[in-house]
Amino acid sequence: MCVIITGTTKKPTLVELLAAEDQNPDGGGMAWVTRKGVEIRKGLTAEDIHQQLGSLPRSTRWVVHFRFATVGEPQVGLCHPFPVERDTSLDAEALVDRALFHNGTVPDWKERLRDITLDPKFDVEVPGGEWSDSRGVAWLLALNGSVRALQFIEGKFVVITRKGIQVYPKSQQGWSDEDGILYSNTYWRRRIPRVVVDMEPEQRQEVLP
């Protein structure tokens, strides 16, 4: 299923991140806005993400993703986000202009990519490496030079740029806004009791009132 988490001044707790990771165990990733562009990190644990979020200035825009691999193998490169660039790099660390997060599946993504590569109007080189539907969407958006098509693709998406964050669908239908934090779903909340039980006693004392 995957889950996307984003917000403004408030950030998720470690327990929430651990539960989201437990529900979606195939790789964590995040991105945040800097003066130079958008920083990407992939292959992160919930603890890594919690630490990085804690180090960000309060006003920094950020997005977090935990992957459940339905399309494409579980591997660091296919963790989210994906640069919206023509090479759609699989690098675990990068500084980019735009990056894409996705929650959902795009069933006809291979057909869309095939049509582009067969169209003589598009003289493009297909990036190497493994593919998923989400990486495919990021590549198609880069070729199109716009993210407007996300309004017509089923699923939930976030695009992060130096200017901020765009959430799709724009109506935010299906998203949960809880006190300034936006979640693409909340299925992972059922994992919270187990996550707390599995914590070391001293860690539990730090995160529980």
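The values are calculated or read from the model by the stated rules, or taken from the named source; none is laboratory data. Everything quoted here is computed from the prediction, not taken from an experiment. Heads up, the Cβs are rebuilt from the backbone with ideal geometry, glycines too, and the neighbour counts pull from every protein chain shown. Surface areas here come from the heavy atoms of the whole protein model, side chains and all, with no ligands, DNA or RNA. Shrake-Rupley method; radii C 1.70, N 1.55, O 1.52, S 1.80 Å.
Look at the dipole of the chain built from charges on Cβ: of 79, 137, 147, the Cα furthest out on the positive end belongs to 147.
What's the angle, to the nearest 10 degrees (0 to 90), between helix 46-55's Cα axis and the longest principal axis of the chain? Once rounded, one gets 90 degrees.
Cross-link partners of residue 170 among lysines, defined as those whose alpha carbon lies under 19 angstrom from its own and excluding same-chain residues fewer than eight positions apart: 156. Under 18 Å of direct C-alpha separation, and excluding same-chain neighbours fewer than eight residues apart, residue 36 reaches these lysines: 163.
Less than 5 angstrom separates the built amide H of residue 99 from those of 84, 160, all sequence-distant by 5 or more or on a different chain.
Give the angle, between 0 and 90 degrees and rounded to the nearest 10, that separates the Cα long axis of helix 133-144 from the longest principal axis of the Cα atoms of the chain. The answer is roughly 50 degrees. Extension gain, residue 97 to residue 114, is 3.5 nm, computed as 0.36 nm per intervening residue step minus the present C-alpha separation.
Let me know the shape class of the range 1-92, please: from the alpha-carbon gyration tensor, a ≥ b ≥ c as square roots of the eigenvalues, rounded when a/c is under 1.5, otherwise prolate if a/b is greater than b/c, or oblate. Taking the square roots of the gyration eigenvalues as a ≥ b ≥ c, the range 1-92 is oblate.
As a check on your grasp of the helix formula, calculate [θ] at 222 nm for the chain: sum -39500 (n - 2.57) over DSSP H runs of n ≥ 4, divide by the residue count, round to the nearest 500. Roughly -7500 deg cm²/dmol at 222 nm, from the helical runs in the chain. A Cα-only calculation for the chain places Rg and Dmax at 17.0, 62 Å. Once C-alpha pairs closer than 8 Å and six or more residues apart are averaged by separation and normalised to the residue number of the chain, the relative contact order reads 28 percent.
Probing with 1.4 Å while keeping every protein chain in the model, the per residue accessible area of the chain equals 51 Å². Heavy-atom accessible surface of residue 87, to the nearest 10 Å², is about 80 Å², with a 1.4 Å probe and all protein chains retained.
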